[in-house]
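K.L.:
Pasting in a structure now, in structure tokens, and then I'll have a few things to ask.
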Amino acid sequence: MAFAYKPELWQSLFEMCALAAVTLAGLIFVGLSINLRNVVSSPVHLARAREALIALTVLLTVAIFVLIPEQGRTAVGIELLALSVLVWVLSLRLEWSTVHHLAKRKRRSWVIRLIGLDSAILCITLAGAGLVTRRMGGLLWLVPTILICLIWSTYNAWSLMIDAMDADEKHRDVR
């Protein structure tokens, strides 16, 4: 499993991830601009938009770290650890804020759904620690992060656009 500790062998995967993250982020921005009023009027829509963009930004940042030329595994590991700490702090703060803006009956299900996104962050932490220590699977931990971030962002973007469009339709029907 020596390949799990050699960032230079992962270049193609992370080039693809960077491209996918940038493309999806662009599509989300277009969708947000079309439905902006509905998105900002709902804590759920706003949280979904934020989660999708944060997940894609994290994925892009991870790809940039891995793609820096001639960087050793320890440097990449430290960068991933620093990123995961930053994202943990930011995510927990935003998640806490969102949960407290929701109706009490929706809070539990919202917190449970966040386990997926928080798992992606945990995998970045494990990848960073694995690269630094040359144990625990190293960059292999980033595969679940990639999948979770891409699926999470795509799902949130889709849900966001459908829900916002439904809200707009209901608003028009009331008039």
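Where a number appears in this text, it was derived from the coordinates with a stated rule and is not lab data. Because the structure is predicted, anything quoted here is derived from the model rather than measured. Counting neighbours? That spans all protein chains shown, and the Cβs are built from the backbone with ideal geometry, glycine included.
K.L.:
Within the chain, which whole H helices from DSSP have a Cα span along their axis of at least 15 Å and a mean Kyte-Doolittle hydropathy of 1.6 or more, if any?
P.N.:
Helices passing the filter in the chain: 11-34, 43-67.
K.L.:
Run the dipole for the range 71-133 about the Cα centre, Lys and Arg Cβ at +1, Asp and Glu Cβ at -1, nothing else charged, and hand back the magnitude in debye, nearest 20.
P.N.:
520 debye
K.L.:
With a sphere of radius 13 Å drawn around the Cβ of Ala129, what net charge do the other residues whose Cβ falls strictly inside it have (Lys, Arg +1; Asp, Glu -1)?
P.N.:
Net charge around Ala129: +2.
K.L.:
What number, rounded to the nearest 500 deg cm²/dmol, is the helix-based mean residue ellipticity at 222 nm of the chain, given -39500 (n - 2.57) per DSSP H run of at least four residues and division by all its residues?
P.N.:
-29500 deg cm²/dmol
K.L.:
Given the options Leu24, Leu13, Met136, identify the residue whose Cα lies farthest towards the positive end of the charge dipole of the range 2-174 (+1 on Cβ of Lys, Arg; -1 on Cβ of Asp, Glu).
P.N.:
Farthest towards the positive pole: Met136.
K.L.:
To one decimal place, what Kirkwood hydrodynamic radius in Å is obtained for the chain from all pairs of distinct Cα atoms?
P.N.:
The Cα-based Kirkwood calculation yields 17.0 Å.
K.L.:
Treating only the Cβ of Lys, Arg, Asp and Glu as charged (+1, +1, -1, -1), what charge dipole size does the chain show about its Cα centre? Round to the nearest 20 debye.
P.N.:
Taking the Cα centre of the chain as origin, the dipole is about 680 debye.
K.L.:
Enter the per residue convex hull volume of the range 10-99, computed from alpha-carbon coordinates, in Å³ rounded to the nearest integer.
P.N.:
Convex hull volume per residue, Cα atoms: 79 Å³.
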